[in-house]
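Chemist: The structure's right below; bear with me while I get my questions together.
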Amino acid sequence: MLQHESPPPNARIPAVTAHLNRMNPDVQAAGYAILVHLFNGGAVSEELRRDIADLREKRGVGCDMTVTVEDVRKWVELKAHAREAQAGETLTQTEYLRAEKEGANFYLAVVSGLLEGYETTVQLYRNPLKTAVWTPTGAVYFTGLAKATHHAYRISHEDQDGES
């Protein structure tokens, strides 16, 4: 299922930015802005919209944000990429433990194409420990994410630039 949305204004990374990888603070901030945009009225289903808590600076939590819906907390781990998404993603031990504990209330969010000139896509994997193939490696590495059940959202940057 693909849906199109316009990105928030601070979700673009200039093409001249050097050394872009998922650990780059600009990439993480842009990915987070895209998720907040989606959860606050973008293409994401009504069940995920509501109160958002930024947990990126809190160590040991096992996720980057929570979204509270009707008193139920959804835990979201963000993996952001300036260019294309990888074939797999890794969870740290803390993230794995959070995913295991929260089950269907844990989401792996893969945001890719944050660099200017790339198509921005958000893939949300609900309960990835149950819905994706993974291998224990000291951390959890998901393989074959393209085949796992997920929702994908393409983000249109044309609307932001004043084009249609």
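Chemist: Ratio of region 53-147's C-alpha Rg to 2.2 N^0.38 Å, to two decimals?
Modeler: 1.06
Chemist: Still on this structure: What lysines sit close enough to Lys130 to cross-link, taking a C-alpha to C-alpha distance under 20 Å and skipping anything fewer than 8 places away on the same chain?
Modeler: Cross-link targets: Lys74, Lys79, Lys101, Lys147.
Chemist: Another one. In nm, what is the difference between 0.36 nm times the number of residues separating Arg56 and Arg83 and their Cα-Cα distance?
Modeler: Full extension from Arg56 to Arg83 adds 7.6 nm.
Chemist: Then there's this: Just to be sure I understand: if I project the alpha-carbon convex hull of region 86-133 onto a plane and average over all orientations, what area do I get in nm²?
Modeler: Computing the convex hull of the Cα atoms and averaging its projections yields 3.7 nm².
FYI, it's all coordinate maths here, none of it is from the lab. It should be emphasised that the depicted structure is a prediction, and the values quoted were computed from it without experimental measurement.
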